[in-house]
1. Give me the inter-chain shielding for B:180-191: mean count of other chain Cβ atoms within 10 Å, whole number please.
2. Have a look at B:199, B:132, B:39 and report the one farthest towards the positive end of the charge dipole of the protein assembly as shown, computed about the Cα centre with Cβ charges (Lys/Arg +1, Asp/Glu -1).
3. Shape of the protein assembly as shown from its Cα gyration tensor (a ≥ b ≥ c, root eigenvalues): rounded if a/c is under 1.5, otherwise prolate when a/b > b/c, or oblate?
4. In percent, how large is the relative contact order of the stretch B:140-246, given Cα pairs closer than 8 Å and 6 or more residues apart?
5. Please find, in a Gaussian network model of chain B (springs between Cα atoms separated by less than 10 Å), the residue of B:136, B:284, B:243 whose mean-square fluctuation is greatest.
6. For the stretch B:58-185, what's the relative contact order in percent, using C-alpha pairs closer than 8 Å and at least 6 residues apart?
7. Show me the ranking of peptides A:46-52, B:44-50 by mean Cβ neighbours inside 10 Å, starting with the highest.
8. Starting at the first residue of the stretch B:87-98, write each ³J(HN,Hα) from the Karplus equation 6.51 cos²θ - 1.76 cosθ + 1.60 with θ = phi - 60°, in whole Hz, x for Gly and Pro.
Amino acid sequence: MNASAGHHARFGIDPTTMVYASGIRKSYGNLDVLKGVDLVVPTGSVACIIGPSGSGKSTFLRCINHLEEINGGLMLVDGDFVGYRLERDRLYELPPAAICERRADIGMVFQQFNLFPHMTVLENLVEAPVRVRGEPVKDATARALVLLERVGLAEKRAAYPRQLSGGQQQRVAIARALAMNPKVLLFDEPTSALDPELVGEVLEVMKDLALGGITMVVVTHEIGFAREVADQLVFMDGGVVVEAGDPVEITTNPRSPRTREFLARVL
Amino acid sequence: MNKHFSGSSSARLDPTALTVVPLRHPGRWIAVALVIVVVALMARSAVSNPEFQWPVVARYLFNPLILKGVGQTIIITVIVMIFATIGGTIAALMMLSPSKLLSIPAAVFVWLFRGTPALVQLILWYNLSLVLREFSLWLPGYGTVFSVATNDVMTPFVSAIVALSLHEAGYMAEIVRSGLKSVNRGQSEAAACLGMKPTLSLKRIVLPQAMRMIIPPTGNETINLLKTTSLVSIIAVGDLLYSAQAIYARTFETVPLLIVVTFWYLLVVSIMSVGQYFLERHYSRDEQRGGPPFAGALFKTVFRFGRKGDSA
């Protein structure tokens with residue numbers, strides 16, 4: 001996605017917007033999962049999405065990088081469509097290969113880590129930069145080692161994922177996403193599959209990234225993390241955004257009774 | 001348990017000095033004795049009965065015609081397995097396609113070629129010339145580009161390859177399909193999120209993991225196929241069995257030659273089993289560090305005689 005491909009101006013969007021979602025709708029058959037979700041994530045900021053399970057927050061996150069096709073609304077990442085090509089006033093659906101090319105700029109961290117079990121930690125990090133971006137193996141390896149150092153797992157480079165704890169696996173998964181130099185990182189409940197004592201190490205790495213200025217959209221249940229790190233907090237329920245704004249303001253003084261009820265249960 | 005507290009101090013047992021008496025298995029030993037007796041009787045019969053004609057077996061073991069038959073059997077197995085793997089993988093990918101136009105024809109292909117006996121297909125393909133006299137390509141405005149008589153193309157060897165490949169492809173399709181389905185969806189999603197195109201993700205992420213599920217049944221299929229190739233002797237392809245038949249039709253030394261055939265099949269199957277072991281280990285290398293030495297693993301498989309859990 002080069003600068004010329006950006007459609008910020010055509011849609012009247014602030015050029016510093018990284019993720020622009022407006023009126024996103026998504027349904028599976030008769031079930032409406034998203035009923036018009038809006039979210040604007042400025043470049044370099046962190047947005048946290050909270051909400052009860054089934055509120056559509058994970059689905060919304062997967063719509064950002066086109067893992068799920070949206071049924072309505074406008075979704076732009078860095079001013080461009082992920083799954084479509086805009087020509088005059090028509091959107092042409094892109095073939096999977098072209099979508100993948102654009103997706104390479106959008107990192108994603110999954111609840112279940114999804115590391116490649118047949119590759120070592122280092123191979124997990126080097127795979128995409130070499131095969132997708134065509135980087136020389138030497139450069140990709142050097143950068144991978146720097147990233148592993150950053151998440152505190154340099155000594156595990158030769159280990160296979162199954163030999164690592166959940167927390168370590170998730171830190172490797174974050175490093176793997178970073179290896180592609182993404183413009184934005186999406187986190188889908190990154191600590192929900194972890195033992196409680198391992199949650200801290202992953203949040204620590206994410207905090208570090210946020211301070212480093214990476215644009216992040218985080219679906220999470222960690223209200224404490226959201227309060228500390230997020231620039232905006234979004235509370236979703238029933239496929240709509242119920243409340244959005246300053247994290248401290250929302251968590252201490254929620255306006256909607258649904259937000260209040262949810263926070264009372266999780267805090 | 002109460003004893004610990006109620007017993008007098010002089011009778012108190014030292015727990016570290018207790019001897020554990022293992023459970024005896026008298027039934028197992030009786031069974032072993034019976035097996036030994038039966039095996040001994042069979043061995044005696046094999047050695048003392050002159051009808052086995054062991055010297056004849058020894059004479060034909062490395063007969064050039066027999067060795068040529070062994071070679072032919074292996075060549076047919078290898079060629080068929082290559083075609084079947086390619087065809088089966090294509091059929092499996094078609095079956096997993098969201099498009100019904102691809103998945104239904106693939107399913108019909110599997111149903112058709114897996115549902116009919118290999119022998120019937122073999123004879124059918126061999127007799128193809130009864131239905132189609134010639135293969136020809138005809139272009140409008142140009143005329144016939146080329147034309148060959150079916151009988152010239154469908155030699156016994158080609159018929160054998162075509163029939164067995166299609167039959168085997170049906171089985172391979174099912175094996176590959178279940179292997180691909182065994183890989184978690186999150187794996188291809190993770191690959192997609194890293195920008196990997198579907199073909200790259202299939203080659204680098206999904207297939208290597210599916211291999212772990214595909215290799216063991218494929219090894220079994222290859223071994224089965226090696227034995228199935230003996231059917232081609234029906235349509236006069238010079239495989240191992242056909243070579244032996246050609247000899248004993250002349251000399252009437254039927255049993256010794258069939259023993260020779262048995263020996264060669266067993267030998268090749270054993271070698272293939274060793275190869276399968278190493279292939280399986282290669283594709284599950286993240287599961288074990290080093291892995292058990294081959295001889296040890298073989299020993300454990302063959303002599304699984306100790307208590308349960310010994311081999312764990």
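1. Neighbouring Cβ atoms belonging to other protein chains average 4 per residue here.
2. Value computed over the given set: B:39.
3. In terms of gyration-tensor shape, oblate.
4. On the way: 51 pairs, mean separation 30.4, N = 107.
RCO, the stretch B:140-246: 28 percent.
5. In the Gaussian network model the winner is B:136.
6. Worked out over the stretch B:58-185, it gives 37 percent.
7. Values: A:46-52: 24.1, B:44-50: 9.7.
Put in order of decreasing packing, that is A:46-52, B:44-50.
8. With coefficients 6.51, -1.76 and 1.60, one gets x, x, 5, 4, 4, 5, 5, 5, 5, 8, 5, x Hz.
Where a number appears in this text, it was derived from the coordinates with a stated rule and is not lab data. Small disclaimer: the values here were computed from a predicted structure and weren't measured. In this analysis, Cβ positions are derived from the backbone assuming ideal geometry, glycine residues included, and neighbour counts consider all displayed protein chains.
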